[in-house]
Amino acid sequence: MRSDSPQATHVECPAVELQSLRELTQRVGSNPLLAQASTGNTSIKLDGVLWIKASGRWMADARQNEILIPLDLADVHQCLQRELDPAERFPGASLETAMHAMLPHAVVVHVHCVNTIAWAVRSDASAQLQQRLDGLRWRWVPYVESGLPLARAVRDAFASGDADMDTNIFVLGNHGLVIGAEDCRAAEQLLSEVGRRLAISPRQAHPADYTVLAESSVGSLWDLPDDDAVHALATDPVSRVILAGGLLYPCQAIFSNSSTPALFRSIADSDSPDQWASRYRSRPLLLIEGRGVLISRSMTSAECAMISGLAQVVQRIPASAPIRYLTDAEIANSSSAVAYRYRELANERIGGGAGVPALSAAASGKSLAS
Ligand SMILES: [Zn+2]
């Protein structure tokens with residue numbers, strides 16, 4: 001990693017920049033096409049402190065709650081030198097803390113942009129992106145699990161870039177997008193530019209059969225989802241085929257609590273609701289072929305957000321696209337204890353900033369995190 005990066009410029013007023021990051025984080029997190037539930041994370045390096053989103057927190061909450069944790073950047077780099085994952089040393093911090101720390105940019109934004117993911121799950125993603133991101137300083141990063149492995153892959157991708165023009169866009173296979181910039185304004189502009197270039201119009205799906213779904217849900221474990229777009233997972237034939245083939249990205253497995261694509265295979269509408277009730281009672285959602293989707297009444301807002309995101313991704317993948325599904329080993333890794341802790345935290349959607357050190361802790365140079 002080069003130390004003379006033009007992105008690593010000194011920031012005149014840390015408090016203003018930190019507030020800008022909170023506002024940017026809230027805007028990004030409030031766009032369901034960019035982040036779903038607690039996915040995605042942002043950070044800023046200010047005066048030797050890495051301010052990074054807390055694990056499991058929702059970016060959409062960044063203005064009303066303190067969701068940024070201050071970490072001593074030297075401590076984080078010391079972890080990395082010892083090949084330790086800083087997310088384990090500082091368990092409150094984002095799972096992707098290592099990646100944020102390794103990149104030299106002052107501001108780093110990582111999102112699960114549905115348009116990006118629709119490209120990033122394709123086996124021909126690199127070639128497809130080449131045309132669309134031409135002229136931008138980008139790199140393709142094939143799928144690797146979150147944490148230290150992803151951080152190393154992004155660092156290597158950065159190091160392989162042109163020495164005179166630092167890479168500042170990383171497309172993560174079967175995962176999402178990372179943007180690096182010298183400040184929040186530049187990060188948001190770049191995010192917008194990449195989003196514009198990678199935008200795909202979602203396929204139009206047949207409308208749901210609300211009458212049948214409503215009748216089926218009476219007295220059952222299931223209810224209709226609030227987001228009508230979710231029904232496309234069951235009413236759109238192309239989407240059904242894509243979902244039946246495998247899992248597309250780790251959050252699909254983590255938030256559905258399923259390590260197989262069986263959950264996402266639609267069930268025949270010839271079965272009666274009574275048959276569904278007995279056969280599929282443990283499922284968090286039912287995709288009823290041609291009719292629509294029913295979700296468990298116990299489904300959390302985080303799980304609902306993930307299902308909405310999945311529908312947006314799948315509706316953007318054409319029938320002809322060659323798909324690179326997650327392998328069994330990758331799915332097993334994404335089902336680790338760390339990933340499940342992440343899901344549990346996201347489901348809680350903690351309010352009030354409890355447990356997150358306040359800005360004054362960093363400003364006073366006290367212990368920054370534990
Ligand atoms: Zn991610």
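The values are calculated or read from the model by the stated rules, or taken from the named source; none is laboratory data. Computed from a predicted structure; not experimentally measured. A quick note on method: Cβ atoms are made from the backbone with ideal geometry, for glycine too, and the neighbour counts reach across all protein chains shown. With ligands, DNA and RNA removed, areas are computed over all heavy atoms of the protein, side chains included. Shrake-Rupley method; radii C 1.70, N 1.55, O 1.52, S 1.80 Å.
ARG279 versus (1) buried (at least 17 other Cβ atoms within 10 Å of the Cβ); (2) at pLDDT below 90; (3) of a type in the set (Lys, Arg): which is the lone unmet condition?
Just one mismatch for ARG279, condition (1).
Can you go through SER38, SER30, SER20 and tell me which one is hydroxyl-bearing (Ser, Thr, Tyr), modelled with pLDDT under 95 and touching a helix residue (DSSP H, G or I) at 6+ places or on another chain (Cβ under 7 Å)?
SER38
Check off (1) within 27 Å of ASP156 (Cβ to Cβ); (2) within 14 Å of the ligand (Cβ to nearest atom) for LEU80 and give me the number that stays unchecked.
Of the numbered conditions (1) within 27 Å of ASP156 (Cβ to Cβ); (2) within 14 Å of the ligand (Cβ to nearest atom), the odd one out for LEU80 is (2).
When you look at LEU294, is it more than 17 Å from the chain's Cα centre (by Cα), under 15 Å from PRO261 (Cα atoms) and in contact (Cβ under 8 Å) with a residue 40 or more places away in the chain, yes or no?
No.
Among all residue pairs at least 6 apart or on different chains, which show Cβ distances below 9 Å where the first residue, located in the range 69-87, is of a type in the set (D, E, K, R) and the second is open to solvent by 50 Å² or more (accessible area, probe 1.4 Å) and outside any helix (DSSP H, G or I)?
ASP72/SER367
Does ASP47 meet the test of being in contact (Cβ under 8 Å) with a residue 12 or more places away in the chain, on the phi < 0 side of the Ramachandran plot and acidic (Asp, Glu)?
no
In the range 113-147, how many residues are open to solvent by 20 Å² or more (accessible area, probe 1.4 Å) and more than 13 Å from GLY176 (Cβ to Cβ)?
Result for the range 113-147: 17.
Only one residue in ALA159, ALA118, ALA125, ALA151 is at pLDDT below 95 and of a type in the set (A, V, I, L, M), so which one is that?
Among ALA159, ALA118, ALA125, ALA151, only ALA159 is at pLDDT below 95 and of a type in the set (A, V, I, L, M).
Would you tally the residues in the range 202-223 being farther than 21 Å from VAL314 by Cβ, free of Cβ contacts under 8 Å to residues at least 40 places away in the same chain and assigned to a loop (DSSP other than H, G, I, E, B)?
2
Out of the residues in the range 97-114 that are within 11 Å of the ligand (Cβ to nearest atom) and under 13 Å from ALA151 (Cβ atoms), which is nearest to the chain's Cα centre (by Cα)?
Selected residue: HIS110.
Which one is farthest from the ligand (Cβ to nearest atom), of the residues in the range 152-176 that are in contact with a Gly (Cβ under 9 Å, 6 or more places away or on another chain) and open to solvent by less than 10 Å² (accessible area, probe 1.4 Å)?
For the range 152-176, the residue satisfying everything is ASP166.
Given the options VAL238, VAL230, name the one that is in contact (Cβ under 8 Å) with a residue 40 or more places away in the chain and touching a Lys or Arg at 6+ places or on another chain (Cβ under 8 Å).
The conditions single out VAL238.
Here's the yes/no breakdown for (1) within 16 Å of the ligand (Cβ to nearest atom); (2) out of contact with any Pro (no Cβ under 9 Å at 6 or more places or on another chain); (3) open to solvent by 10 Å² or more (accessible area, probe 1.4 Å):
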| position | (1), (2), (3) |
| --- | --- |
| LEU150 | yes, yes, no |
| VAL178 | yes, yes, no |
| GLU188 | no, yes, yes |
| LEU191 | yes, yes, yes |
| LEU198 | no, yes, no |
| LEU213 | no, yes, no |
| VAL218 | no, no, yes |
| ASP223 | no, yes, yes |
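Suppose we filter SER126, SER55 for residues that are of a type outside the set (Val, Ile, Thr) and away from the ligand (no atom under 15 Å from the Cβ); which single one remains?
Only one candidate qualifies: SER126.
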